[in-house]
Ligand SMILES: Nc1ncnc2c1ncn2[C@@H]1O[C@H](COP(=O)(O)OP(=O)(O)OP(=O)(O)O)[C@@H](O)[C@H]1O
Ligand SMILES: [Mg+2]
């Protein structure tokens, strides 16, 4: 079984193609238990593909990908939660039911403790008052927050997040980022967050992995060696932002 030193996520020479399109070409990544890693890169460089492989959704790839010490093609760890780039809500279900879908399978969503947990999550993502609304009554940013609440409901050991804040305004985004940090710190969750937002990546992560190119490869890895709690305007963070932006070549 795995020891403490083993990475929770281990990616070795990952190559992934969709027909003629090579999405990822030789990606290596090791994420330690409790680490917060951000993945940035331009559109089409394979960020979502990487998360899909890590989550076990993509069984067709070359290389080795292990989660919790187990090969993902052999099932990996079942303690992995994913928040998708599109909200993927159930259209016929209200917000409360959509969040409850994320509860662990052995939890009865009708039990008072489960209902309280779901209501807490709805409040935390700033949607109190909308528990009975259906997805077609929500804005894009609201739907995205429902999806985030659903991902948090399971309280997984490993949380994979694909641009979870991209549709939010600046203030709502800052609130939700801090909430995610709070969950990460309290629960010791291992997080991989995909984002386009370099400021977000540097503010949140222990380490920023810069993917680039089509097919995507790791262009650079930037350590964010800044104590928490962090100030967004911290000059060290601003300098690291520049480093990541330079690595992105723009
Ligand atoms: N299901 C699929 N079938 C065919 N090609 C795909 C599929 N999914 C992704 N691709 C291709 O793989 C490459 C990487 O796509 P991916 O969605 O991982 O990029 P991304 O970095 O997440 O982009 P974005 O920032 O726009 O979300 C792209 O060239 C894309 O066209
Ligand atoms: Mg994507």
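If you take the residues of segment 83-93 that are within 16 Å of ligand 1 (Cβ to nearest atom) and buried (at least 20 other Cβ atoms within 10 Å of the Cβ), which of them is farthest from the chain's Cα centre (by Cα)? Talk me through it step by step, then tell me what you get.
Residues of segment 83-93 that are within 16 Å of ligand 1 (Cβ to nearest atom), as a first pass: 83-88.
Of the ones still in play, those that are also buried (at least 20 other Cβ atoms within 10 Å of the Cβ) are 83-84, 87.
Details: 83: 6, 84: 8, 87: 13 Å.
Residue satisfying both the conditions and the ranking: 87.
So how many residues does segment 205-217 have that are surrounded by fewer than 24 Cβ atoms within 10 Å (Cβ to Cβ) and more than 18 Å from the chain's Cα centre (by Cα)?
Qualifying residue count for the region: 5.
A quick yes/no check of all residues on (1) assigned to a strand (DSSP E or B); (2) in contact with a helix residue (DSSP H, G or I) (Cβ under 6 Å, 6 or more places away or on another chain); (3) farther than 19 Å from residue 48 by Cβ; (4) within 16 Å of ligand 1 (Cβ to nearest atom):
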position	(1), (2), (3), (4)
156	no, no, no, no
160	yes, yes, no, yes
172	no, no, yes, no
180	no, no, no, no
191	yes, yes, no, no
202	no, yes, yes, no
217	yes, no, no, yes
226	no, yes, yes, no
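Just checking: which of the strands (runs of 3 or more DSSP E) contained wholly in segment 1-77 hold 3 or more residues that are away from ligand 1 (no atom under 16 Å from the Cβ) and touching a strand residue (DSSP E or B) at 6+ places or on another chain (Cβ under 9 Å)? Give the steps one after another, and end with the answer.
Values: elements: 9-18, 21-31, 36-40, 62-67.
The qualifying strands (runs of 3 or more DSSP E) are 9-18, 21-31, 62-67.
Can you find a residue that is in a loop (DSSP other than H, G, I, E, B), within 16 Å of ligand 1 (Cβ to nearest atom) and either touching a helix residue (DSSP H, G or I) at 6+ places or on another chain (Cβ under 6 Å) or at pLDDT 95 or above (or both) anywhere in segment 134-141?
No - not one qualifying residue is present in segment 134-141.
Select, from 123, 86, the only residue that is out of contact with any strand residue (DSSP E or B) (no Cβ under 6 Å at 6 or more places or on another chain) and in a loop (DSSP other than H, G, I, E, B).
Working: 123 fails: in a loop (DSSP other than H, G, I, E, B).
Testing whether each residue is out of contact with any strand residue (DSSP E or B) (no Cβ under 6 Å at 6 or more places or on another chain) and in a loop (DSSP other than H, G, I, E, B) leaves just 86.
Return the pairs, sorted by first residue and then second, in which the second residue is within 16 Å of ligand 2 (Cβ to nearest atom), the first residue lies in segment 209-230 and is closer than 19 Å to residue 185 by Cβ, the beta carbons are less than 9 Å apart, and the residues are 6+ apart or on different chains.
224/38; 224/201
Does residue 105 qualify as being assigned to a loop (DSSP other than H, G, I, E, B) and away from ligand 1 (no atom under 16 Å from the Cβ)? Quick ask: steps written out before the conclusion?
On the way: assigned to a loop (DSSP other than H, G, I, E, B): yes; away from ligand 1 (no atom under 16 Å from the Cβ): yes.
Yes: the conditions hold for residue 105.
Exactly one of (1) closer than 21 Å to residue 128 by Cβ; (2) outside any loop (DSSP other than H, G, I, E, B); (3) touching a residue at least 60 places away in the same chain (Cβ under 8 Å) is unmet by residue 164. Its number?
(2)
The values are calculated or read from the model by the stated rules, or taken from the named source; none is laboratory data. Keep in mind that what you see is a predicted model, and the values were worked out from it rather than measured. For neighbour counting, all protein chains shown are included, and Cβ atoms are generated from backbone atoms with ideal geometry for every residue, glycine included.
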